[in-house]
Amino acid sequence: ALASRMVRAANSAALLQLGPREHAVIGLLARAPGIDRRLLERLAGPGFVERALSAGVPLRRLLTGGLDLATASSFRSAPVEPTAAAHLAAELVERDRPIEAIGLLLDAGAHGEAARTVMDLSESVTDTVEPRLLLGLLARLGTVTEHEPGLLLLRAAATRSIGRVDDAVVDIDRAVALAAQSDPRLRRRAEVEAARARLAEGRHAD
């Protein structure tokens, strides 16, 4: 406990030597490790790494070449600036790190942009993302999830993969109803998932 307090105090002292722009980027780095130096300096200005190290921020280089915070948890209280978060989120999506991007947008309060990013994910995302992590992100979107058929289908896939089949069926049927006036591709996707659910229930005629 004493060591933990000392680390927090040292990190707070380091932040006091930096400006708001650096604070915002450190807050982002605490939530999305492995950001390369060039991108960090685009977000916080040239010389960010040197300024951060000089102030005592415990940056370290990962094997991938990206930078990380050695004590990231104690920096997560740093504020997340929406513009910087949106910029970094777009970069993370391009680098096949959409889950981290969505988490950043949610931390920045950009729920609408986060929902659009989730809906842009491919259907196969549930094969590569831990289901409970995906369910956590969908829960953080709040009521948005309940009114978007694409999000309901993602939630159904995640809940089904952890054995909550009845919950998945409810979400699929709700998605079908909501998608009736939606984009034809989304409507067909919902209908296909509903058909699979009926087959699993043994209702072949349906």
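Condition test on THR143, is it of a type in the set (Ser, Thr, Tyr) and more than 15 Å from the chain's Cα centre (by Cα)?
Numbers: of a type in the set (Ser, Thr, Tyr): yes; more than 15 Å from the chain's Cα centre (by Cα): yes.
Spelling it out, THR143 is indeed of a type in the set (Ser, Thr, Tyr) and more than 15 Å from the chain's Cα centre (by Cα).
Kindly indicate whether ARG155 is modelled with pLDDT of 85 or more, surrounded by fewer than 17 Cβ atoms within 10 Å (Cβ to Cβ), of a type in the set (D, E, K, R) and closer than 19 Å to ASP120 by Cα.
So ARG155 fails the test.
Kindly indicate whether GLY47 is of a type outside the set (Lys, Arg) and within 18 Å of ALA90 (Cα to Cα).
Against the criterion (of a type outside the set (Lys, Arg) and within 18 Å of ALA90 (Cα to Cα)), GLY47 does not qualify.
Considering each of THR117, THR71 in turn, give the residue that is open to solvent by less than 30 Å² (accessible area, probe 1.4 Å), among the hydroxyl-bearing types (Ser, Thr, Tyr) and either over 30 Å from LEU151 (Cα atoms) or out of contact with any Asp or Glu (no Cβ under 7 Å at 6 or more places or on another chain) (or both).
The conditions single out THR117.
Take the stretch 185-199 and flag every residue that is surrounded by 15 or more Cβ atoms within 10 Å (Cβ to Cβ) and hydrophobic (A, V, I, L, M, F, W, C).
Listed by number, the residues that qualify are LEU186, ALA190, ALA194, ALA197.
Residue under question is VAL165, and the condition is that it be surrounded by 19 or more Cβ atoms within 10 Å (Cβ to Cβ) and over 29 Å from GLY109 (Cα atoms); does it hold?
Against the criterion (surrounded by 19 or more Cβ atoms within 10 Å (Cβ to Cβ) and over 29 Å from GLY109 (Cα atoms)), VAL165 does not qualify.
Please specify each residue of the stretch 94-103 satisfying the condition of being modelled with pLDDT of 85 or more and either crowded, with 24+ Cβ neighbours inside 10 Å or over 10 Å from the mean Cα position of the chain (by Cα) (or both).
ALA101, ILE102
Kindly state which helices (runs of 4 or more DSSP H) lie completely within the stretch 1-58 and contain at least 2 residues that are among the aliphatic types (A, V, I, L, M) and open to solvent by 60 Å² or more (accessible area, probe 1.4 Å).
Qualifying helices (runs of 4 or more DSSP H): 2-16.
Look through the stretch 120-145, keep the residues that are over 20 Å from SER161 (Cβ atoms) and either in a helix (DSSP H, G or I) or touching a residue at least 60 places away in the same chain (Cβ under 8 Å) (or both), and return whichever of them is most open to solvent (accessible area, probe 1.4 Å).
THR143
Looking at the stretch 171-184, which of its residues are more than 25 Å from the chain's Cα centre (by Cα) and either open to solvent by 90 Å² or more (accessible area, probe 1.4 Å) or in contact (Cβ under 8 Å) with a residue 60 or more places away in the chain (or both)?
GLN181
The values are calculated or read from the model by the stated rules, or taken from the named source; none is laboratory data. This is a predicted model, so every value here is computed, not measured. Don't worry about glycine lacking a Cβ; one is built from the backbone with ideal geometry, like all the others, and counts go over all protein chains shown. To get the accessible areas, we keep the full protein, side chains included, count just its heavy atoms, and leave off ligands, DNA and RNA. Shrake-Rupley method; radii C 1.70, N 1.55, O 1.52, S 1.80 Å.
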